[in-house]
1. Give me Ser326, Ser128 ranked fewest to most by other Cβ atoms within 10 Å of their Cβ, as a rough exposure proxy.
2. Name the residues whose placed amide hydrogens come within less than 5 Å of the amide hydrogen of Ser257, ignoring near sequence neighbours (fewer than 5 apart) on the same chain.
3. Quick one: which residues, 5+ away or cross-chain, put their amide H under 5 Å from the amide H of Asn115? H built at 1.01 Å from N.
4. To the nearest 0.05, how large is the calculated FRET efficiency for Glu247 and Lys133 if R₀ is 22 Å and r is the Cβ-Cβ distance?
5. Can you give the FRET efficiency to the nearest 0.05 for Glu224 and Ala67, using r as the Cβ-Cβ distance and R₀ = 30 Å?
6. With the cut-off at 19 Å, tell me which of the pairs Lys233/Lys376; Lys93/Lys133; Lys92/Lys147; Lys217/Lys376 have Cα atoms farther apart than that.
7. Report ³J(HN,Hα) in whole Hz for each residue of the range 382-388, in order, from the Karplus equation J = 6.51 cos²θ - 1.76 cosθ + 1.60 where θ = phi - 60°; Gly and Pro get x.
Amino acid sequence: MNDRRNIRMRKLLYITIFSVIFFNSAHPDEAVAQKRIALIIGNSDYRIRSLKNPVNDAKDFSRTLSALGFETIIKVNADQEGFEESVRKFGKKIRGDTVGLFYFSGHGVQYEGRNYLIPIGAMPKISSPDHLKYKTVDVGYVLGVMKHANNGLNIVILDACRNNPFQSFARDMGDGLSRVSDADGCLIAYSTAPGKVALDGVGRNSPYTGSLIELMKYPNLPVELMFKKVREKVKKQTNGKQSPWYEASIDGDFSFSNISSKAKKPSYSQNSQGIAKARRSSREPVDSKKHKLANGLSHIILDQLILNLSHDSWKIRKESIDQFISYGNEAIVYAYPQLVLALGDSDPDVRRSAKRAVKLESFDDKYIKYFGKVLKSRSWEVRSGTLDTLAYFGEEASGALAIISPLLADSDADVRRSAQNAVKRLSQER
């Protein structure tokens with residue numbers, strides 16, 4: 001009898017997966033994305049005032065863009081010749097209906113209203129501000145190459161406003177970078193406000209690039225709104241010391257992560273309800289190696305629900321959360337970071353469903369390793385919300401003290417407070 005039931009459930013699973021794949025393939029116009037090409041340069045190994053993060057920033061930013069459908073060209077520790085040659089090749093590739101993106105992380109300075117990006121090996125050759133135009137790369141040159149391509153959209157991201165490395169003539173120059181006056185058809189984003197200095201950061205990435213990497217993954221988030229969210233996040237992370245800036249003169253809409261609205265609406269029919277019933281009876285943990293639940297529920301279905309959490313319709317967002325609840329604790333842990341973020345949803349019904357979801361029905365020590373991964377999230381909201389959930393379980397989650405303790409020294413004050421409360425709750429009730 002059990003064998004027959006298992007066979008039926010496998011059939012239902014295959015039907016559901018096939019439906020998702022078929023639906024996506026039935027809309028080829030939506031599946032084909034506009035061509036996207038990015039040039040990414042990260043310079044760290046300066047002989048004077050070397051920087052810790054730019055090479056990490058460039059590599060991590062490149063990996064993220066590749067995952068989002070960009071063709072990426074990456075150069076690290078580029079000298080002037082290599083820098084300029086990369087820009088020329090990049091300009092030839094972005095012609096036509098293409099999104100072009102230029103990203104630079106490293107030293108940058110302004111002089112007489114012009115912004116200059118510093119190649120590796122240039123500093124010893126520069127003894128006065130007048131040398132900058134010959135020994136560095138002018139942002140105006142990069143913009144000129146991109147505009148000459150006459151492509152669809154250009155984005156320039158400059159995480160290059162660190163302290164002025166030319167102390168001998170720093171008085172003749174302004175701090176940070178200056179605004180670019182001729183930005184028609186382009187979005188230019190700076191890691192801090194014009195004339196201000198950005199921070200290199202204490203982690204693997206700078207505060208600005210780390211926030212970019214996190215927020216650009218959000219499905220269907222318009223690029224200008226995304227940069228506003230980056231600004232809010234960096235200001236909070238740096239206690240107001242760094243305030244990113246952007247200016248745009250662009251037409252139309254663009255999102256780094258594009259998900260078709262039709263593809264985000266799977267049918268929650270009797271098929272998926274049958275699988276949900278099987279999910280509720282399972283007590284096995286998520287199989288992280290195969291990315292599926294141990295009873296056979298594919299990660300394809302759960303990932304589809306995760307995408308729905310960013311849908312424009314509050315009803316679909318709420319239904320997706322309720323679906324996770326119906327699948328049980330293992331599915332909730334699978335999507336925990338996204339469910340925690342849903343606690344801040346604009347709709348009260350969505351927030352109520354998210355609150356029910358993140359509390360879970362019970363706690364099991366087998367979840368500790370998964371919570372440990374969630375607590376390494378770049379999002380302070382996710383880290384703090386997860387700690388509050390662990391505190392909620394008290395003695396039941398006492399085995400999680402080891403993964404909570406490191407967050408007592410977290411860079412975010414809210415996370416530290418949540419960690420202190422969690423340790424107190426779990427310790428008092430042991």
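1. Working: Ser326 16, Ser128 10.
The order, fewest Cβ neighbours first, is Ser128, Ser326.
2. Amide H to amide H, under 5 Å and 5 or more residues apart or across chains, Ser257 pairs with Asn220, Leu221.
3. Long-range HN contacts for Asn115: Val139, Gly140.
4. Numbers: r = 23 Å, r/R0 = 1.05.
Given R0 = 22 Å and the Cβ-Cβ separation, E is 0.40.
5. On the way: r = 22 Å, r/R0 = 0.72.
Using R0 = 30 Å, I get an efficiency of 0.85.
6. On the way: Lys233/Lys376 17 Å; Lys93/Lys133 26 Å; Lys92/Lys147 11 Å; Lys217/Lys376 17 Å.
Going by Cα-Cα distance, Lys93/Lys133 fall outside the 19 Å limit.
7. Once θ is set to phi - 60°, the couplings for the range 382-388 become 5, 4, 5, x, 5, 5, 5 Hz.
Laboratory data are not the source of any read-out in this text; all were calculated from the coordinates shown. Since this is a predicted model, take the numbers as computed values, not measurements. Here Cβ is always computed from backbone atoms with ideal geometry, including for glycine, and neighbour counts include all displayed protein chains.
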